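The numbers here are math on the coordinates, done by the rules we state, and not lab data. The structure presented is a predicted model; accordingly, all values stated were derived computationally and were not measured. In this analysis, Cβ positions are derived from the backbone assuming ideal geometry, glycine residues included, and neighbour counts consider all displayed protein chains.
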Amino acid sequence: MKNLVAPSLLSANFGDLKADMEMINRSSCDWLHIDIMDGVFVPNISFGFPVLKHVARLCRKPLDVHLMIVQPEKFLNEVKALGARSMNVHFEACTHLHRVVQQIKEAGMKAGVTLNPATPVAMLADIIDEVDIVMLMSVNPGFGGQQFIPHTVEKVRELRRMIDGRGAKALIEVDGGVNRQTGKMLVDAGVDVLVAGSAVFHAPDPEEEIRILKNL
C-alpha cells in the first residue's frame, strides 16, 4: 500500500490561500495537516479557529488537526466543528492522556497522540492499543522549515515493532523536515503518513511533489 501524504497548512501561502486549497483539492494528497499553536506549549502562534473555518470550507480533503497547545481537550468541540477527521494531541501536554483519547473518540474523530523528539516511544506502551495515530515529531515543534532529526528513523522502527508486536492498528505519522530523501528513509522504516510542508508548498510543482512523496 502506498504511504499517505498530508501537506502542512503552516507552509501555505496565506496571501492566496484559495489557490493553495484548490491545488490541495486537485492533488492526490490524502489529508490536510493543520498545526494549531498557542505560544505556551510551543514558542509560536499559528492560526485560530476563525481562519480554520474558512480553510475547512475551501478544503475537500480530510482534516488532520494537530494541537500544539496545553490542555488541548478544551478545544475538542471547536475541532469537531471543523469537520476534522482526526485530532492529534501531545503526550507532553496531557495530564490525563487516556481520558483525552477517549473524549476524542466519543466526539467521532480519530484519536492521535504526538511525541516530541526527546520523548521515548516506550511512553506509549500503556495506550498504544487505544489510539488511531501516533505522530513522531522529527523536528522540535513550533516552527516550519527545520532540519530533520535523524534519530527519528530509529524511533519509527521501534514504534513499528511495538505496534506490530501488540497487534495494534495505529498508523505511524511523522512531521518535520520531510522531503523526498528523509521521506524515503521513513517509509522504509515503517511510516504510514508523511506530513510535508515546505517540500510541497515551496516545490516548483506541488502536485507532482505530492505524487512523488506518495510513491516513495
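Extension gain, D188-H202: 0.36 nm per intervening residue step, less the Cα-Cα distance, totals 2.6 nm.
Taking the Cα centre of region 53-117 as origin, work out the dipole magnitude from +1 charges on Lys and Arg Cβ and -1 charges on Asp and Glu Cβ, in debye rounded to 20. Numbers along the way, then the final one.
On the way: 10 positive and 5 negative charges, 74 e Å.
Dipole about the Cα centre, nearest 20: 360 debye.
Charged side chains reduced to their Cβ positions (Lys and Arg at +1, Asp and Glu at -1) give region 4-214 a dipole of some 320 debye around its Cα centre.
Which net charge results for the neighbourhood of V100, defined as the other residues with beta-carbon distances under 11 angstrom from its beta-carbon, given Lys and Arg at +1 and Asp and Glu at -1? Residues near V100 contribute 0 overall.
Does region 80-178 classify as rounded, prolate or oblate by the C-alpha gyration tensor (a ≥ b ≥ c root eigenvalues; a/c under 1.5 gives rounded; else a/b over b/c gives prolate, otherwise oblate)? In terms of gyration-tensor shape, oblate.
For the pair K169 and R57, label points projected 7 Å from Cα toward Cβ lie 3.5 nm apart.
Please work out the C-alpha center-to-center distance from region 129-206 to region 4-61 and express it in whole Å. Going from one Cα centre to the other spans 18 Å.
For the residue pairs K18/K80; K53/K74; K53/K155, alpha carbon separations beyond 28 Å are given by K53/K155. Across D188, D30, D16, mean-square fluctuation computed from a Gaussian network of the chain (C-alpha pairs under 10 Å connected) peaks at D16. Across region 89-96, coupling constants 3J(HN,Hα) worked out from phi with the 6.51/-1.76/1.60 Karplus curve, θ = phi - 60°, read 10, 7, 3, 6, 9, 10, 5, 10 Hz, and Gly and Pro carry x. In percent, rounded to a whole number, the relative contact order of the chain is 23, using alpha-carbon pairs under 8 Å and six or more apart.
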